[in-house]
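Worksheet: one structure, shown below.
The values are calculated or read from the model by the stated rules, or taken from the named source; none is laboratory data. Because the structure is a prediction, the values reported are computed rather than measured. We place every Cβ from the backbone using ideal geometry, glycine too, and count neighbours over all the protein chains shown.
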Ligand code: HPA
């Protein structure tokens, strides 16, 4: 069961030949990093075979190939979420494309709700593990034994160290924690948030986990950072809204951008 990664990679290569090192999946608030790519070629997802076009406002839908801090990168500006289609492997082709283009490392970003008072809205959180209690998995239907994927160290320890060092270098605090995936699109209830706290989650969100599983399946190293946009349902005085996510996401995202630039610079 594979997607159209080869076809899409050929289209990207025709537009901008070269081998790439890091693939980035940018969620809410981080889109502006894609505009800062140098020597860039931009390919709308609609021009690529098998790429989903996200319907979420605040998500662009284009692949940007170029360099950032001297590192050849492919940026996926905008992702499709499970809740848009009901397909947990909706990001299969984009991830295959990154792999085909030579990316050994994937960095994913997202917006998330915090479950811990010390992880405040407006701050970034480095994801060190995840909880997938959704009953969904992008590898369901895979036919060979590679489907029994080891996720013991899904979020690469070396990359986490490098990101923490990068944060220190640029003077940003970087909390760390476990991200729990909820399908969305409705936000969680306060009872679900209390459950997540008990289960050991530090933040909740509606993306990233299926992409991480796919990226690990394809043999890429993974790091992920959340921009915390709110406290989980029931933990803040007001209710939750997508408007708040859009409004708050750029605060943490600006910090994540600095951290990612330093991280790339050290890699170049
Ligand atoms: N829950 C789920 N997804 C989110 C949240 C949240 O509280 N905030 C931003 N994305």
Original post:
Among the candidates 254, 224, 237, which residue alone is crowded, with 23+ Cβ neighbours inside 10 Å and within 21 Å of residue 121 (Cβ to Cβ)?
Top reply: 224
Original post:
If a residue has to be in contact with a helix residue (DSSP H, G or I) (Cβ under 9 Å, 6 or more places away or on another chain), outside any helix (DSSP H, G or I) and modelled with pLDDT under 95 to count, how many in region 1-25 make the cut?
Top reply: 4
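Would you check which residues across region 68-93 are part of a helix (DSSP H, G or I) and in contact with a helix residue (DSSP H, G or I) (Cβ under 8 Å, 6 or more places away or on another chain) and list them? Give the derivation first.
Just the residues of region 68-93 that are part of a helix (DSSP H, G or I), to begin with: 82-85, 92-93.
82, 92, 93 - these are the residues of region 68-93 that are part of a helix (DSSP H, G or I) and in contact with a helix residue (DSSP H, G or I) (Cβ under 8 Å, 6 or more places away or on another chain).
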**OP:** Identify the residue in region 98-136 that is farther than 30 Å from residue 238 by Cβ, surrounded by fewer than 17 Cβ atoms within 10 Å (Cβ to Cβ) and touching a residue at least 40 places away in the same chain (Cβ under 8 Å) and, among all such residues, is nearest to the ligand (Cβ to nearest atom).
**Re:** 104
Original post:
Is it fair to say residue 79 is touching a residue at least 60 places away in the same chain (Cβ under 8 Å), surrounded by 24 or more Cβ atoms within 10 Å (Cβ to Cβ) and out of contact with any strand residue (DSSP E or B) (no Cβ under 8 Å at 6 or more places or on another chain)?
Top reply: no
Subject >> Residue pairs meeting the criteria (Cβ under 6 Å; at least 6 apart or on separate chains; first within 16 Å of residue 129 (Cβ to Cβ), in region 180-199; second more than 10 Å from the ligand (Cβ to nearest atom) and part of a helix (DSSP H, G or I)) >> reply: 181/209
**OP:** Collect the residues in region 175-233 that are within 12 Å of the ligand (Cβ to nearest atom) and within 26 Å of residue 2 (Cα to Cα), keeping them in residue-number order.
**Re:** 181, 182, 183, 184, 206, 207, 208, 209
Original post:
Which pairs have Cβ atoms under 6 Å, sit 6 or more apart or on different chains, and link a residue in region 62-74 that is over 24 Å from residue 52 (Cβ atoms) to one that is in a strand (DSSP E or B)?
Top reply: 67/38; 67/39; 71/22
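Select from region 159-169 the residues that are touching a residue at least 24 places away in the same chain (Cβ under 8 Å) and surrounded by fewer than 17 Cβ atoms within 10 Å (Cβ to Cβ) and list them in ascending order. Steps first, please.
Of all residues in region 159-169, those touching a residue at least 24 places away in the same chain (Cβ under 8 Å) come to 159-160, 162-167, 169.
164, 165, 169 - these are the residues of region 159-169 that are touching a residue at least 24 places away in the same chain (Cβ under 8 Å) and surrounded by fewer than 17 Cβ atoms within 10 Å (Cβ to Cβ).
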Subject >> Residue check for residue 28: in a loop (DSSP other than H, G, I, E, B), buried (at least 18 other Cβ atoms within 10 Å of the Cβ) and either over 19 Å from the mean Cα position of the chain (by Cα) or within 16 Å of the ligand (Cβ to nearest atom) (or both) >> reply: yes
